[in-house]
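In what follows, a structure is listed as structure tokens, so that the remarks can point back to it.
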Amino acid sequence: MLTAAADAATADAATADAAVKPWPAPMRHLTIQLPGMSHHFDPPVDKHGNEIPNREFNEENWGIGIQLERSLTGDWSQWVGKTSFGVMKDSLNAMGAYAGHTWQKRVVDGDTYTADIGGGAFLFYRTLRFDGPHVLVPGVLPVLSATHKGWGLGINVVAVPRVKLSSGTMPNVIYAQFTKSF
């Protein structure tokens, strides 16, 4: 009789947990963000929009970051949220930091690879002028990600439009960042 009461209590606790949590917590994936590379569509310009002679954008963006990926549930089961932060050498050859969160739809979930497309909100701590001060730059940007499941190797591609701010100009660039997931 005591065993039946204990079993009933365990079943009641499981039912209460199920009522509080209608679905199990989604699995999280840790990814290391590795150095990337970029392609700038315009030459460097000064605050007046004139091309700067003898200056080139840095297109080898060394750095490292962390990305935590979490599959969404319910009606959003084909979506993933990705939170990331890290440091990197930016377009103006200065070290800076970034943090962001993206929401991406998993458009391909094959046996060997995945592909996600979406957008995210980012905050960059970077320079906007050569040898200029660091400033906080917010952004909402489109993102494309692909990962080989077996190897855990992937790529994040971000498009940044040219934006002129009072402290300088964010260049028009496509940035590719390599990833390794665990």
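The values are calculated or read from the model by the stated rules, or taken from the named source; none is laboratory data. Because the structure is predicted, anything quoted here is derived from the model rather than measured. Here the Cβ is made from the backbone with ideal geometry for all residues, glycine too, and neighbour counts use every protein chain on show. Just the protein is used for accessible areas: all its heavy atoms, side chains included, with ligands, DNA and RNA removed. Shrake-Rupley method; radii C 1.70, N 1.55, O 1.52, S 1.80 Å.
Confirm whether LYS164 is under 19 Å from the mean Cα position of the chain (by Cα) and of a type in the set (D, E, K, R). Considered against the rule, which asks whether it is under 19 Å from the mean Cα position of the chain (by Cα) and of a type in the set (D, E, K, R), LYS164 comes out as no.
Being without any contact (Cβ under 8 Å) to a residue 12 or more places away in the chain and within 22 Å of LEU30 (Cα to Cα), is that true of even one residue in region 119-138? Checking region 119-138: not a single residue is without any contact (Cβ under 8 Å) to a residue 12 or more places away in the chain and within 22 Å of LEU30 (Cα to Cα).
Filtered by the rule that a residue be touching a residue at least 60 places away in the same chain (Cβ under 8 Å) and among the hydroxyl-bearing types (Ser, Thr, Tyr), region 148-182 gives THR169, TYR175, THR179, SER181.
Apart from one condition, PRO35 fits all of (1) open to solvent by less than 40 Å² (accessible area, probe 1.4 Å); (2) modelled with pLDDT of 90 or more; (3) closer than 17 Å to VAL173 by Cα; the exception is (2). Of a type in the set (S, T, N, Q), closer than 30 Å to ARG55 by Cβ and either surrounded by fewer than 20 Cβ atoms within 10 Å (Cβ to Cβ) or in contact with a His (Cβ under 6 Å, 6 or more places away or on another chain) (or both) - does that describe any residue in region 160-168? For region 160-168, residues of a type in the set (S, T, N, Q), closer than 30 Å to ARG55 by Cβ and either surrounded by fewer than 20 Cβ atoms within 10 Å (Cβ to Cβ) or in contact with a His (Cβ under 6 Å, 6 or more places away or on another chain) (or both): present.
Which of the strands (runs of 3 or more DSSP E) contained wholly in region 45-109 include at least 2 residues that are open to solvent by less than 70 Å² (accessible area, probe 1.4 Å) and in contact with an Asp or Glu (Cβ under 8 Å, 6 or more places away or on another chain)? Steps first, please.
Values: elements: 63-71, 79-89, 95-109.
Answer list for region 45-109: 79-89, 95-109.
Is it the case that LYS149 is basic (Lys, Arg), modelled with pLDDT under 95 and either within 11 Å of the chain's Cα centre (by Cα) or under 16 Å from THR31 (Cβ atoms) (or both)? In short, yes.
Within region 83-102, identify whether any single residue is without any contact (Cβ under 8 Å) to a residue 40 or more places away in the chain, of a type in the set (Phe, Trp, Tyr) and over 17 Å from GLY36 (Cβ atoms), and answer yes or no. No: zero hits.
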